[in-house]
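The values are calculated or read from the model by the stated rules, or taken from the named source; none is laboratory data. Being a predicted model, the structure only gives us computed values, none of them experimental. Note that each Cβ is placed from the backbone with ideal geometry, even for glycine, and that neighbours are counted across all protein chains shown. The accessibility values were calculated without ligands, DNA or RNA, using every heavy atom of the protein model including side chains. Shrake-Rupley method; radii C 1.70, N 1.55, O 1.52, S 1.80 Å.
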Amino acid sequence: MKSLPTVVVDNGAATIKAGLTDGDSEPRLVANAVVRSRGDKTTYFGHEFERCRDYSSLHFRLPFEKGYLVDWDAQKAVWDGLFSAEVLSVNAPESSLLITEPYFNLPNVQDVYDQFVFEEYEFHSYYRCTPASLIPRGDMFTDPFLAPPECMLLVDAGFSFTHVVPILNGSIVWSAVKRIDVGGKLLTNHLKELTSFRQWNMMDETYIMNNVKESCCFISTNYNRDLETCRLDPKKNAIVQEYILPDFATNREGRIRRQDDIVSDGDQILFMNNERFVVPEIIFRPDDIGLQQVGLPATIAHSISLLPEDIQGLFWANIGLIGGSTKFPGFRERLAAELRSLAPVDCEVAIYQSQEPITECYRSALAFVQEPDFQEYCVTRAEYLESGSNACRRKFKDWKLVDEKGKGAAVREPAKPKPRTEDPEESDASPPPKRGGRGRTRTTSTSTRKR
Amino acid sequence: MAPKRGRPSRQTKASTSQLAVDPEIVVKRTRRHLEELERSNYSEPSTAFTLAEDDGGEPSKSARGRARQTISDKRNYDSNGKKKKSTMNIRTALLYRKNLSTLIDESGIANLPSNAPSYLTAVTLPPREPPRLLCSVCGYWGRYKCKKCALPYCDLNCQSVHDETRCERRVV
Ligand SMILES: [Zn+2]
Ligand SMILES: [Zn+2]
C-alpha cells in the first residue's frame, strides 16, 4: 500500500500532543479544552489558548471526565482547530490517523471515535490504541547494545489517573493493568485547597496553581524528615520556597522568588512549605486524602503478581515512567527505594525515566507510523463504510472488551506480535535477556529531571 | 481542653472509638471531598458553560435553553466557507452529552464476569493498613482528633484554627 501522510494525535485529557509524518519531529502541544478568560473577555478553543493574556480565574470546559471522552462538542471544537490550517493543515481524506484513547475505553465510546474519524473528518484510514501500547515502538528502553526488552512495565501518570501497564512481547497484558485514581488534576486541586485554606484564596486559579505545582512540588524521599524540617520555621527552612503570584502585568505567569528578587508591597507571595511534597505524595499514599487505594509501589507489585511467575523478574527489571506526573523531582528515587523493599531479594529493580515523559508516546507513535507495515494495522474508510465499527473491533489489536461470556477473559494472552528484533535493520542486535534481568547492568535511568 | 503536645498517638487512636462522630458521616464527607477534587472548575460545573455574549454566542437564558447549543460550530476554519452536513451519529454525539456514569451503565461492563478486565475491575487494591493521621490544618502529623468532626490536628494552635474554621464544615 502506498504510504500516506499520517497524523499522530496523542489525545490527552489535558494536553494533545500532535504532529504529522512530514512535519517536525517535535509535536505541537495543544490544550485539550475550551477556555474562557474573564480578563481577556474571550473564549479560546484548544490551540487558541496560546493567545491568552490574562490567566486569572480561567474557566475550563474539558472534553474528558475522569479520563474518558464525554463531551464531543468540546472535543470537536478543539480537533477542528487542530486539523485546520491554523495548526496542522490536515487533508483528512488523503491522510491516515493514529489517535490514542484511554486505557479500558468503553466500547460505546470507542464507536463514537470511529464515527468522528470516518463520518465527520473522513480520514482515509486510522488506528486507535492506548498510549502505553506505543512505547515498544519507540526507543525509551533501548540501549545501543540491547534490543527492546520483551517484558516491560509502564507507569503512565497523567492528568486523570495513574496506570500500571505490563507489556509482554509488545502487547499489553490487560488482566494485570491496574489503576490508581490520582492524576495531575487531583493534585492541582488538592494544592488549591491547601493554599486557599492556609494562605490565599486560589480556588478559581487552577491554571496558576498548576504552574505552582509544576515549579515547586517534589516527591519526598524522606517524608518524616521533610515534615520536621518544615515545622521548625514555616517561613525560613531548607525546603520552603516563596512563589510570587502573577500580577498580570510584568509577571504574568508567576515565578519562584530568587535570592536577588526585590518584591514590592503589591506582590502576593505564596509560601510553599510542606505543600511542596505533601501534594504529590498522594501518588504514593492515596489514603492521605482518604482515597481507599494503595499507592504506586504496591500497585506495581500487585500488577506484577498477576503475571506469569517465571517472567516476573523481567518486569521488575524494566519499569518505565511516562506521563507528566512522573516529572516531579524525586519520583524515580522514591519509587526505586520502595520497590526495592517490595521486590524479591534476588530480583533486579530498574526504572527507566523518560527524558520527555509528556511526549514519549508521541515520539513512539511517530516511529510506528513510519514503519512500512503501519497501514496493515489501520482500518480504512472503505472498510468502515462497509461494516461500521465492527471493522474497527475486528482489526484493532490493543484494547477491546472481551465479548465472549468471560471465556478466558482473565488469561487472555495477547496475540504474538512481531518482535522488533525481526526488523532486518536490527537483526544483528543481541537477543533480549532471558533471565530476571541480572545480565543487565544498568540499574538507574539515563537521566533524571534537573531543577 | 486541649491535649498536651507529645501525647503518643497510639493512645489517641484507641480513644477514637469513643468519638461521638458517626463513621458513616466521615465516609460520606471523604467521598464528597474526593468528588470535589475531580472538578474542572470550582465555582460552577463545566457542563453549564457554553459561550458568553461577548464571543458572539447566544445570550444565555436558562440552563435548559443552553443545553441544545453547540460550541463546535462557532468557528469556520475552512476558507471556502461551505459546511458539510454532519451525519446523524455525529449530531447525536454533539447534542446529547452523557456523563461518565451513564456511559458506564450503557456500556454493560458491570455485567461482565468479575475476572474480565474493564474500567471497573482495574482499580488497584485497598490499603492494608490504617491511614496515617495528618493535621488537617498544617499538614504535620495529626496526633489528635476533633471530638465533634473527627478531623485530625497536631497541637493547640491548629486545634484553635480548626475550631474556628474547619469544624464548621462538618457533615450533618
Ligand atoms: Zn497542625
Ligand atoms: Zn472539628
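Among (1) away from chain B (no Cβ under 14 Å); (2) farther than 30 Å from residue A:387 by Cα, there is one condition residue A:129 misses while meeting the rest; what is its number?
Against the list (1) away from chain B (no Cβ under 14 Å); (2) farther than 30 Å from residue A:387 by Cα, residue A:129 comes up short only on (2).
Would segment A:162-181 turn up any residue that is more than 9 Å from chain B (Cβ to nearest Cβ) and in a helix (DSSP H, G or I)?
Scanning segment A:162-181 turns up no residue that is more than 9 Å from chain B (Cβ to nearest Cβ) and in a helix (DSSP H, G or I).
Out of everything in segment A:106-165 that is among the polar types (S, T, N, Q) and farther than 26 Å from residue B:77 by Cα, what residue ends up being farthest from the chain's Cα centre (by Cα)?
For segment A:106-165, the residue satisfying everything is A:108.
Conditions (1) open to solvent by less than 20 Å² (accessible area, probe 1.4 Å); (2) out of contact with any His (no Cβ under 8 Å at 6 or more places or on another chain); (3) at the interface with chain B (Cβ under 9 Å from one of its Cβ atoms), marked per residue:
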position	(1), (2), (3)
A:24	no, yes, no
A:36	no, no, yes
A:49	no, yes, no
A:52	yes, yes, no
A:75	yes, yes, yes
A:94	no, no, no
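Scan segment A:278-292 for residues that are farther than 13 Å from residue B:129 by Cβ and open to solvent by less than 10 Å² (accessible area, probe 1.4 Å) and jot them down. Steps first, please.
We begin by selecting, within segment A:278-292, every residue farther than 13 Å from residue B:129 by Cβ; these are A:278-284, A:289-291.
Those that are farther than 13 Å from residue B:129 by Cβ and open to solvent by less than 10 Å² (accessible area, probe 1.4 Å): A:279, A:280, A:281, A:282, A:283, A:284.
Assess whether residue B:115 counts as being part of a loop (DSSP other than H, G, I, E, B), more than 7 Å from chain A (Cβ to nearest Cβ) and either more than 23 Å from the chain's Cα centre (by Cα) or touching a residue at least 24 places away in the same chain (Cβ under 8 Å) (or both).
Here the answer is no, as residue B:115 does not meet what is asked.
So, of the residues in segment A:237-268 that are β-branched (Val, Ile, Thr) and assigned to a strand (DSSP E or B), which turns out to be farthest from residue A:39 (Cα to Cα)?
Within segment A:237-268, the match that is farthest from residue A:39 (Cα to Cα) is A:256.
Among the listed residues A:201, A:210, A:224, identify the single one that is over 21 Å from residue B:136 (Cβ atoms), open to solvent by 10 Å² or more (accessible area, probe 1.4 Å) and not β-branched (Val, Ile, Thr).
Values: A:201 fails: over 21 Å from residue B:136 (Cβ atoms); A:224 fails: over 21 Å from residue B:136 (Cβ atoms).
Of the residues listed, the single one that is over 21 Å from residue B:136 (Cβ atoms), open to solvent by 10 Å² or more (accessible area, probe 1.4 Å) and not β-branched (Val, Ile, Thr) is A:210.
Determine if segment A:124-133 includes at least one residue that is open to solvent by 10 Å² or more (accessible area, probe 1.4 Å) and of a type in the set (Gly, Ala, Ser).
So far as segment A:124-133 goes, yes, one or more of its residues are open to solvent by 10 Å² or more (accessible area, probe 1.4 Å) and of a type in the set (Gly, Ala, Ser).
If residue A:18 passes every condition in (1) within 23 Å of residue A:186 (Cβ to Cβ); (2) in contact with a Lys or Arg (Cβ under 8 Å, 6 or more places away or on another chain); (3) aliphatic (A, V, I, L, M) but one, which one does it miss?
Condition not satisfied by residue A:18: (1).
It is to be established whether one or more residues within segment A:140-153 are within 14 Å of another protein chain (Cβ to nearest Cβ) and touching a Leu at 6+ places or on another chain (Cβ under 7 Å).
So far as segment A:140-153 goes, no, none of its residues is within 14 Å of another protein chain (Cβ to nearest Cβ) and touching a Leu at 6+ places or on another chain (Cβ under 7 Å).
Does residue B:83 satisfy the criteria of being more than 9 Å from chain A (Cβ to nearest Cβ), within 16 Å of ligand 1 (Cβ to nearest atom) and charged (D, E, K, R)? It would help to see each step written out before you state the result.
Details: more than 9 Å from chain A (Cβ to nearest Cβ): yes; within 16 Å of ligand 1 (Cβ to nearest atom): no; charged (D, E, K, R): yes.
Judged against the criteria, residue B:83 is not a match.
Give me a count of the residues in segment B:119-150 that are more than 11 Å from chain A (Cβ to nearest Cβ) and open to solvent by 30 Å² or more (accessible area, probe 1.4 Å).
4
Please go through segment B:151-166 and give me each residue that is within 14 Å of another protein chain (Cβ to nearest Cβ), more than 23 Å from the chain's Cα centre (by Cα) and part of a helix (DSSP H, G or I), ordered by number.
Scanning segment B:151-166 gives B:157, B:158, B:161, B:164.
Tally up the residues in segment B:115-172 that are away from ligand 1 (no atom under 15 Å from the Cβ) and among the aromatic types (Phe, Trp, Tyr), please.
Summing the residues that are away from ligand 1 (no atom under 15 Å from the Cβ) and among the aromatic types (Phe, Trp, Tyr) in segment B:115-172 gives 1.
Filter segment B:138-153 for residues that are in contact (Cβ under 8 Å) with a residue 40 or more places away in the chain and more than 8 Å from ligand 2 (Cβ to nearest atom) and give the result.
B:141, B:143, B:144, B:145
Among the residues of segment A:206-236, count how many are at pLDDT 95 or above and assigned to a loop (DSSP other than H, G, I, E, B).
6
Which helices (runs of 4 or more DSSP H) does segment A:331-394 wholly contain that include 3 or more residues that are free of Cβ contacts under 8 Å to residues at least 12 places away in the same chain, within 20 Å of residue A:117 (Cα to Cα) and outside the structural domain of residue A:317 (by the TED database)? Steps first, please.
On the way: elements: A:331-342, A:360-369, A:381-387.
Passing ranges, in order: A:381-387.
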